[in-house]
Amino acid sequence: MLTQSGTTVPGSDTAFLSDTDPLSAFSDRSLLIVDDDKPFSTRLARAMEARGYEVHVAESVSDGVAAVEARAPAFAVIDMRLGDGNGLDVIARLKERRPEARGVILTGYGNIATAVTAVKLGAFDYLAKPADADEIHGTLMAQPGERADPPENPMSADRVRWEHIQRVYELCGRNVSETARRLNMHRRTLQRILAKRAPR
């Protein structure tokens, strides 16, 4: 996997693609992931590499735009809300540099309407976070104007809730009290959830 500095992550081997995988039809499999949630972007990058993409990760709008300027990718997965601005700026620049590129916007629960606007401005599609690699891959491979096939094994509602809580917990520096306050949840209830294994 390529990080911001362009170094290779150990253990990231090139995936074997079968002839039935839609990605095998693309000679350029470059994928830019722009997300400031590092645990999420790291997991997603590894999962997408396993599916055959050549991945580069950026953590900000400025780094994302710079990556597009250096080499406009064939595919992009971009978080709507980033620390230094809006992911739409990256999508807009990508569409200028490479109009045929397929860019997917990732959005939080409260931003679906904004994500629809993002599609009108050039994003290929949008997905609500937390989206998994199967959903993202399916969306990138869908034909223009078509919705991706639903995943065979989508996350359960309990798993989506658990993932959201874990993300907020990590963003709060693993501070239980602060996480409980932001989620409007009783501290002991949160502690019980954190102590349990992830639901399937």
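The values are calculated or read from the model by the stated rules, or taken from the named source; none is laboratory data. Computed from a prediction, not measured in an experiment: that's the story for all the values here. Methodologically, a virtual Cβ is constructed for each residue, glycine included, from the backbone with ideal geometry; neighbour enumeration extends over all protein chains shown. Just so you know, the surface numbers come from the protein's heavy atoms only, side chains and all, with ligands and any DNA or RNA stripped out. Shrake-Rupley method; radii C 1.70, N 1.55, O 1.52, S 1.80 Å.
May I ask you to list the residues in the range 74-83 that are closer than 18 Å to Glu96 by Cβ and surrounded by 24 or more Cβ atoms within 10 Å (Cβ to Cβ)? Break it down into steps so the answer makes sense when it comes.
Initially, the range 74-83 is screened for residues closer than 18 Å to Glu96 by Cβ, giving 74-76, 78.
Phe75, Ala76, Ile78, listed by residue number.
Please specify each residue of the range 90-113 satisfying the condition of being of a type outside the set (S, T, N, Q), at pLDDT below 80 and open to solvent by 30 Å² or more (accessible area, probe 1.4 Å).
In the first step, residues of the range 90-113 are kept if they are of a type outside the set (S, T, N, Q); the result is 90-106, 108-110, 112-113.
Imposing the further condition that a residue be at pLDDT below 80 reduces the set to 108-110, 112-113.
Matches in the range 90-113: Tyr109, Gly110, Ile112, Ala113.
Could you check the range 114-200 for helices (runs of 4 or more DSSP H) lying wholly inside it with 2 or more residues that are at pLDDT 75 or above and touching a strand residue (DSSP E or B) at 6+ places or on another chain (Cβ under 8 Å)?
The helices (runs of 4 or more DSSP H) meeting that bar are 133-141.
Suppose the filter is under 18 Å from Met141 (Cβ atoms) and hydrophobic (A, V, I, L, M, F, W, C); does Ala50 pass it?
Yes.
Which members of the range 23-41 meet the condition of being hydroxyl-bearing (Ser, Thr, Tyr) and within 10 Å of the chain's Cα centre (by Cα)?
Of the residues in the range 23-41, the ones hydroxyl-bearing (Ser, Thr, Tyr) are 24, 27, 30, 41.
Once the filter is applied, which keeps residues that are hydroxyl-bearing (Ser, Thr, Tyr) and within 10 Å of the chain's Cα centre (by Cα), the range 23-41 yields only Ser41.
Which of the residues belonging to the range 51-69 are aliphatic (A, V, I, L, M) and touching a helix residue (DSSP H, G or I) at 6+ places or on another chain (Cβ under 8 Å)? Reasoning before the result, please.
Looking only at the range 51-69, we keep the residues that are aliphatic (A, V, I, L, M), and these are 55, 57-58, 61, 65-68.
Hits for the range 51-69 are Val55, Val57, Ala58, Val61, Val65, Val68.
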